[in-house]
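The values are calculated or read from the model by the stated rules, or taken from the named source; none is laboratory data. Computed from a prediction, not measured in an experiment: that's the story for all the values here. Cβ atoms come from the backbone with ideal geometry, glycine included; neighbour counts cover every protein chain shown. Heads up: the accessible areas ignore ligands, DNA and RNA and are worked out on the full protein's heavy atoms, side chains in. Shrake-Rupley method; radii C 1.70, N 1.55, O 1.52, S 1.80 Å.
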Amino acid sequence: MTPPATPDDRDSDTGLLAPGRAGSPAAHATGDGAYLRALLDAEAALTRAQAALGLAPAEAADAVTRAADPARFDVRSLAERARTGGNPVIPLVADLTATVGEPYGPYVHRGATSQDILDTAAMLVASRALEPVLADLARTECALAGLAARHRDTPMPGRTLTQHAVPTTFGLKAAGWRSLVLDARDRVTRVRVALPAQLGGAAGTLAAFQAYGARNATALTEAYAREVGLAAPSLPWHTLRTPIADLAGALAFAAGALGKIGEDVLTLSRTEIGEVTEGSGGGSSAMPHKANPVRSTLLVAAARRAPQLAATLYGCVAAGDERPAGAWHAEWEPLRELLRLTGGAARDAADLTEGLSVNAEAMRRNLDLTRGLIVSERLSAALAPRLGRARAKELLTDLARRTHTEGHSLSELLSDVTELKDMDLASPTDPARYTGFAGDLTDRALERR
């Protein structure tokens with residue numbers, strides 16, 4: 001009989017089943033150690049803020065700040081003792097108070113409630129985790145700008161509802177990807193700058209701080225926000241969860257935007273299409289010939305999961321009373337997972353786009369798969385003035401059928417049409433000459449910074 005597992009370092013969440021975020025900066029910035037550090041930073045900042053306003057001795061602020069060293073605390077013990085009160089702040093305050101000792105231990109957590117500290121810590125973790133996310137989005141944007149510029153005029157099949165539609169260019173596709181990445185960057189940047197500290201006391205009135213001598217709620221909140229390095233909220237937001245909802249939306253959008261790139265690369269890198277390949281594909285456990293598009297696969301996986309995590313966080317906006325039971329608690333794990341998921345996706349997107357290989361010859365070859373039918377829209381416009389709109393449509397419909405059944409190209413069949421004998425059809429039937437304003441649109445997209 002297999003012996004029961006015992007807690008040890010192997011129980012830590014290393015990302016064994018989460019290759020998309022394993023080892024990423026975002027995973028490191030959201031681990032239990034990172035949360036412990038943020039909780040201690042929030043506690044120390046609170047004492048410093050009170051000292052700055054004369055509500056606590058400067059020596060107390062120094063003592064609490066020195067004691068708030070993560071190496072002094074057992075995160076596993078904190079996690080296990082958190083069950084008693086339903087959150088890790090309660091045992092942490094007890095341990096931090098004991099570590100500070102007399103005479104300054106009583107200044108630890110003075111006036112605050114657990115949610116003040118945990119919300120502030122969550123915002124600190126998010127701010128720190130988003131820094132590498134933004135760096136990776138910048139890498140991705142730069143790589144895509146290069147691809148768009150180099151392939152501004154590289155024709156390829158445009159696909160709608162899985163089928164060849166009309167020609168486009170790879171430059172325009174890459175420019176579109178970049179536009180989404182910039183949209184994600186802008187949303188994440190706006191949210192990160194606005195991440196607020198939390199300070200309200202037991203029921204959001206700051207009453208305990210007033211009892212300890214605070215004369216101005218705004219001054220105290222602003223001092224705390226400065227000490228902790230976050231924005232100062234206009235109100236305590238214990239049950240006003242806009243910051244969490246905004247963060248969830250920005251992260252889910254970013255994951256989806258990067259997932260779009262992955263989805264397209266998965267299609268274009270299929271063996272029978274072969275228009276792009278990942279720079280270093282992953283191997284198969286059973287088939288040595290395969291170079292799987294692993295980065296793209298992980299991007300799509302992240303995009304599939306992110307909306308559900310965000311939905312949980314949106315569901316917590318309906319938080320009751322002045323402090324909620326359950327709604328607040330339900331946020332912690334989905335928020336961390338969403339930060340990790342998006343952070344890992346940002347890393348994978350940067351690696352993918354920097355190493356993406358484009359096969360212009362395959363794109364040109366695939367343009368000819370429909371034997372010229374990909375330009376039927378253009379031919380309809382070109383033939384209508386000569387034949388009339390109805391006759392042009394009737395003719396092209398018949399020729400499209402014959403192209404499929406007889407195996408001839410559309411150009412060959414057109415050359416046998418008596419009404420068109422004197423018409424130069426070389427240009428109208430060349431897919432590379434029917435990319436519309438793709439080049440101009442690419443140029444315009446690349447002007448965005």
remark   = Only one of ALA202, ALA255 is of a type in the set (Gly, Ala, Ser) and either part of a loop (DSSP other than H, G, I, E, B) or surrounded by fewer than 20 Cβ atoms within 10 Å (Cβ to Cβ) (or both), namely ALA202
First in region 143-169 and more than 12 Å from THR370 (Cα to Cα), second anywhere and aromatic (Phe, Trp, Tyr), Cβ under 6 Å, 6 or more apart = LEU144/TRP177; HIS151/PHE170; THR154/PHE170; MET156/PHE170
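So that you can scan it fast, the table gives a plain yes or no per residue for (1) modelled with pLDDT under 95; (2) surrounded by fewer than 22 Cβ atoms within 10 Å (Cβ to Cβ); (3) among the polar types (S, T, N, Q); (4) over 30 Å from the mean Cα position of the chain (by Cα):
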| position | (1), (2), (3), (4) |
| --- | --- |
| GLY23 | yes, yes, no, no |
| LEU39 | no, no, no, no |
| GLN50 | no, no, yes, yes |
| ASP62 | no, yes, no, yes |
| THR65 | no, yes, yes, yes |
| ASP69 | no, yes, no, yes |
| ASN87 | no, yes, yes, no |
| VAL93 | no, yes, no, yes |
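Does any residue of region 382-395 turn out to be closer than 30 Å to LEU268 by Cα, open to solvent by 60 Å² or more (accessible area, probe 1.4 Å) and either part of a helix (DSSP H, G or I) or of a type in the set (S, T, N, Q) (or both)?
Looking only at region 382-395, we keep the residues that are closer than 30 Å to LEU268 by Cα, and these are none.
No, region 382-395 contains no residue that is closer than 30 Å to LEU268 by Cα, open to solvent by 60 Å² or more (accessible area, probe 1.4 Å) and either part of a helix (DSSP H, G or I) or of a type in the set (S, T, N, Q) (or both).
Which one of LEU298, LEU373 is within 18 Å of the chain's Cα centre (by Cα) and of a type outside the set (D, E, K, R)? Steps first, please.
Numbers: LEU373 fails: within 18 Å of the chain's Cα centre (by Cα).
Residue meeting the stated conditions: LEU298.
Considering only residues that are assigned to a helix (DSSP H, G or I) and in contact with a Leu (Cβ under 7 Å, 6 or more places away or on another chain), look in region 231-246 and name the one that is farthest from LEU195 (Cα to Cα). Give the steps one after another, and end with the answer.
Within region 231-246, the subset assigned to a helix (DSSP H, G or I) is 242-246.
Imposing the further condition that a residue be in contact with a Leu (Cβ under 7 Å, 6 or more places away or on another chain) reduces the set to 243-245.
On the way: PRO243: 6, ILE244: 9, ALA245: 11 Å.
Filtering first and then ranking leaves ALA245.
Output the residues belonging to region 358-378 that are open to solvent by less than 50 Å² (accessible area, probe 1.4 Å) and closer than 20 Å to GLU406 by Cα. Spell out the reasoning first.
So in region 358-378, the residues open to solvent by less than 50 Å² (accessible area, probe 1.4 Å) come out as 358, 360, 362-363, 366-367, 370, 372-376.
Selection gives ASN366, LEU367, THR370, GLY372, LEU373, ILE374, VAL375, SER376.
Consider THR370 carefully, then state whether it is of a type in the set (Ser, Thr, Tyr) and in contact (Cβ under 8 Å) with a residue 60 or more places away in the chain.
Details: of a type in the set (Ser, Thr, Tyr): yes; in contact (Cβ under 8 Å) with a residue 60 or more places away in the chain: yes.
In short, yes.
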task = Scan region 302-324 and report the pairs whose first residue is among the β-branched types (Val, Ile, Thr) and whose second residue is in a helix (DSSP H, G or I), with Cβ atoms within less than 7 Å and a gap of 6+ or a chain change.
result = THR312/ALA330; THR312/PRO334; VAL317/ALA245
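Quick check: anything in region 174-182 within 21 Å of LEU247 (Cα to Cα) and among the small types (Gly, Ala, Ser)?
So in region 174-182, the residues within 21 Å of LEU247 (Cα to Cα) come out as 179-182.
Narrowing the set further to residues that are among the small types (Gly, Ala, Ser) leaves 179.
There is at least one residue in region 174-182 that is within 21 Å of LEU247 (Cα to Cα) and among the small types (Gly, Ala, Ser).
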query = Would you say VAL100 is more than 26 Å from the chain's Cα centre (by Cα) and in contact (Cβ under 8 Å) with a residue 24 or more places away in the chain?
reply = yes
